[in-house]
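Visitor: I have a structure I would like to understand better, so I am pasting it below and will then ask my questions one at a time.
The values are calculated or read from the model by the stated rules, or taken from the named source; none is laboratory data. What you see is a predicted model, and the numbers here were worked out from it, not measured in a lab. With ideal geometry, Cβ positions are generated from the backbone for all residues, glycine too; neighbour counts draw on all protein chains shown. Protein only, heavy atoms only, side chains kept; ligands, DNA and RNA dropped before computing areas. Shrake-Rupley method; radii C 1.70, N 1.55, O 1.52, S 1.80 Å.
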Amino acid sequence: MSGIKINTAKPKHFITTADYTAEQLFDLVDRSIQFKVESKYNYPKARTERPLDGKTVGLLFSKRSTRTRVATETAVGYLGGNAMFLGGQDIQLGVNESLLDTTRVVSSMVDGIMARVGGHHEIETLAKESAVPVVNALSDKYHPTQILADLMTLHEFYHNKKNNVPAGVYSAHTQHPRETLKGLKVAWVGDANNILQEILVAFPKCGISVSAACPPGYTCDQDVIDIAQADAKKTGATVFFTTSPEEAIKDCDVIVTDTWVSMGQEEEKKKRLAEFAGYQVTNDLAARGGAKSDWIFMHCLPRKPEEVDDEVFYSERSVVFPEAENRKWTILAVFDALLVRGGI
């Protein structure tokens, strides 16, 4: 009687960009761009291979989502797989069943997990206990697929700018991201949240300087700061923290913000509006701070006018909608790497 040898190797995960080198991140971005060209611009000559045919990716989302859900479901579908959405109301995640038990059960029936959670310890538990690859769709500490999309968007923009690519032409796939991103300066104006923390563990290692303005009392985790400063020292990038948006913006190429208006009680909203006074991104703020004349604006969405006014958000400086679309291509590249290629 002959048996079947079972693969007991630990699966590879994508929990934060801090776990990967700059070259690995550049290559992921490059692969994302190749997928975009293959699917969007070479259609109907898109791939006939369906490497995830018969496979299922579980989307364990304890928080609501627009871009991440649509991006993941369409990305998995493009690879031939099935995306099964498991929202907080659909399963007993952390209610009548522990996260550990849920992880072991769900991972025994799917081939990959995309998880949008609350505390970062939850995604760490998922990764530790899962029998299949886990991708962090968002935790309170990190948001890696968003920052991959940001890197991709920056590459596309600066590729076009540096090569004088005419409107209506896509050629970002002809140049590697390692050639376009180094030397940029990104200014953050807003909360010390998971987006800023992911920027800090990704951008400096890629040679991108980061200057962050957060109100007094809003600070990043010390381990994140340590990683950013160590990476910056190796690449020659700089990492700078201030409470002055004008100071952060000085000589920057890119201004980035995120949601900082409270979604909770009215009193909490009033408190945060007072604490973030002066943090709305406007052309006037950029001028006062001395941003470069050709600065561009990014936001991971959804956006509120208190964070950035309409004049900037809907201007030609804003790349927020290409940035949102690129969530699909980067998530596609991550699942291709983990489920098809066997690792990043």
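Visitor: Name every residue in the stretch 91-110 that is at pLDDT 75 or above and open to solvent by less than 50 Å² (accessible area, probe 1.4 Å), in order of residue number.
Guide: Answer for the stretch 91-110, where residues must be at pLDDT 75 or above and open to solvent by less than 50 Å² (accessible area, probe 1.4 Å): 99, 102, 103, 106, 107, 110.
Visitor: Something else about it: Of 293, 318, which residue is free of Cβ contacts under 8 Å to residues at least 24 places away in the same chain, open to solvent by less than 50 Å² (accessible area, probe 1.4 Å), farther than 23 Å from residue 59 by Cβ and not β-branched (Val, Ile, Thr)?
Guide: 318
Visitor: Same structure, new question: Does the stretch 301-315 contain at least one residue that is part of a helix (DSSP H, G or I), open to solvent by less than 50 Å² (accessible area, probe 1.4 Å) and on the phi < 0 side of the Ramachandran plot?
Guide: Taking every residue of the stretch 301-315 in turn, at least one turns out to be part of a helix (DSSP H, G or I), open to solvent by less than 50 Å² (accessible area, probe 1.4 Å) and on the phi < 0 side of the Ramachandran plot.
Visitor: Report whether or not residue 140 is open to solvent by 60 Å² or more (accessible area, probe 1.4 Å), among the acidic types (Asp, Glu), modelled with pLDDT under 95 and at negative phi.
Guide: Criteria not met by residue 140.
Visitor: Let me ask something else about it. Among (1) in a loop (DSSP other than H, G, I, E, B); (2) closer than 16 Å to residue 214 by Cα; (3) under 19 Å from the mean Cα position of the chain (by Cα), where does residue 256 come up short?
Guide: Failed condition: (1).
Table: residues versus (1) modelled with pLDDT under 95; (2) over 23 Å from the mean Cα position of the chain (by Cα).
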| site | (1), (2) |
| --- | --- |
| 246 | no, yes |
| 278 | no, yes |
| 304 | yes, no |
| 317 | no, no |
| 329 | no, no |
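Visitor: A follow-up question, please. Give the residue that is farthest from residue 282 (Cα to Cα), with candidates limited to residues of the stretch 218-238 that are open to solvent by 50 Å² or more (accessible area, probe 1.4 Å) and hydroxyl-bearing (Ser, Thr, Tyr).
Guide: 235
Visitor: Select, from 198, 275, the only residue that is touching a helix residue (DSSP H, G or I) at 6+ places or on another chain (Cβ under 9 Å), acidic (Asp, Glu) and touching a residue at least 24 places away in the same chain (Cβ under 8 Å).
Guide: So the residue among 198, 275 that is touching a helix residue (DSSP H, G or I) at 6+ places or on another chain (Cβ under 9 Å), acidic (Asp, Glu) and touching a residue at least 24 places away in the same chain (Cβ under 8 Å) is 198.
Visitor: Here's a follow-up. Which of the residues belonging to the stretch 156-191 are part of a loop (DSSP other than H, G, I, E, B), buried (at least 21 other Cβ atoms within 10 Å of the Cβ) and not charged (D, E, K, R)?
Guide: 180, 181, 190
Visitor: Now for a different question. Which of the residues spanning the stretch 1-59 are open to solvent by less than 60 Å² (accessible area, probe 1.4 Å) and at pLDDT below 85?
Guide: If the condition is that a residue be open to solvent by less than 60 Å² (accessible area, probe 1.4 Å) and at pLDDT below 85, then 46, 47 are the ones that fit.
Visitor: Criterion first (touching a Lys or Arg at 6+ places or on another chain (Cβ under 6 Å), more than 21 Å from residue 318 (Cα to Cα) and open to solvent by 10 Å² or more (accessible area, probe 1.4 Å)) does residue 120 satisfy it?
Guide: Here the answer is yes, as residue 120 does meet what is asked.
Visitor: If you don't mind, another one. Is it true that some residue in the stretch 251-270 is farther than 27 Å from residue 302 by Cβ, of a type in the set (Val, Ile, Thr) and in contact (Cβ under 8 Å) with a residue 60 or more places away in the chain?
Guide: No, every residue in the stretch 251-270 fails to be farther than 27 Å from residue 302 by Cβ, of a type in the set (Val, Ile, Thr) and in contact (Cβ under 8 Å) with a residue 60 or more places away in the chain.
Visitor: Within the bounds of the stretch 193-214, is there any residue that is among the β-branched types (Val, Ile, Thr), assigned to a loop (DSSP other than H, G, I, E, B), modelled with pLDDT of 95 or more and more than 17 Å from residue 330 (Cα to Cα)?
Guide: Yes: one or more hits.
Visitor: Follow-up. So residue 241 clears everything in (1) in a helix (DSSP H, G or I); (2) open to solvent by 60 Å² or more (accessible area, probe 1.4 Å); (3) among the hydrophobic types (A, V, I, L, M, F, W, C) except one condition, right? Which one?
Guide: Failing condition for residue 241: (1).
Visitor: Shifting gears a bit: Please state which one of 336, 284 is open to solvent by less than 20 Å² (accessible area, probe 1.4 Å), modelled with pLDDT of 95 or more and of a type in the set (Asp, Glu).
Guide: 336
Visitor: Continuing with the same structure: Can you tell me which of 341, 317, 288, 303 is basic (Lys, Arg) and under 22 Å from residue 197 (Cα atoms)?
Guide: After applying the criteria, what remains is 303.
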